[in-house]
Amino acid sequence: QVRLVESGGGWTQPGGSLGLSCVASGSIYSATVMAWYRQSPGKQRELVAGIYSNGSTKYGDSVKGRFTISRDMAMKTVALRMNSLNSEDTAVYYCFMVVRGTDLWGQGTQVTVSS
């Protein structure tokens, strides 16, 4: 079974940058979706960014122009570069993939933006 392991995140001041990385433990050659979601207290989990099998990308409205998603299929990795962070970006960020029709989630990593 494929497992997703996230790394990165942590704390930064408003205006700062952070990076997240997610590595799959098994084969993801058939991954149709690789994405990042986030969830903050009292809110629903929301899509941050996704990259699809054809290479197209989709971003949540609140992160467009600030976040960049990328993937390395050979390294079985999806990454998220986050710039110009603000307090509203504070959340637990989850890696998500669809592999052979199965939804896979990482354990989540905390991102905190505060002064």
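The Cβ shell under 15 Å around ASN86 holds other residues with a net charge of 0, Lys and Arg each +1, Asp and Glu each -1. Here the chain has 48 percent of its accessible surface on carbon and sulfur atoms, given a 1.4 Å probe and all protein chains in place.
Taking N as the residue count of region 15-79, its C-alpha radius of gyration divided by 2.2 N^0.38 Å amounts to 1.17. Taking label points 7 Å from Cα along the Cα-to-Cβ direction, ARG3 and ASP72 give a separation of 2.1 nm. If you take all other residues with their beta carbon under 15 Å from the beta carbon of ARG71, and give Lys and Arg +1 and Asp and Glu -1, the sum is +1. Annotation: amide H-H contacts under 5 Å for VAL33 (H modelled 1.01 Å from N, sequence separation of 5 or more, or interchain): VAL98. Modelled spin labels at SER17 and TYR52, positioned 7 Å past Cα toward Cβ, are 2.8 nm from each other. Taken along its three principal axes, the alpha carbon spread of the chain comes to 41, 25, 25 Å, from the longest extent down to the shortest. Where both bridge residues fall in the chain, DSSP classifies roughly 95% of the beta bridges as antiparallel. Using Cα pairs closer than 8 Å and at least 6 residues apart in sequence, work out the relative contact order for region 42-115, in percent. The value is 20 percent.
The values are calculated or read from the model by the stated rules, or taken from the named source; none is laboratory data. For clarity, every value in this text was computed on a predicted model and none was experimentally measured. Please note: Cβ atoms are built from the backbone with ideal geometry, for glycine as well, and neighbour counts cover all protein chains shown. Surface areas here come from the heavy atoms of the whole protein model, side chains and all, with no ligands, DNA or RNA. Shrake-Rupley method; radii C 1.70, N 1.55, O 1.52, S 1.80 Å.
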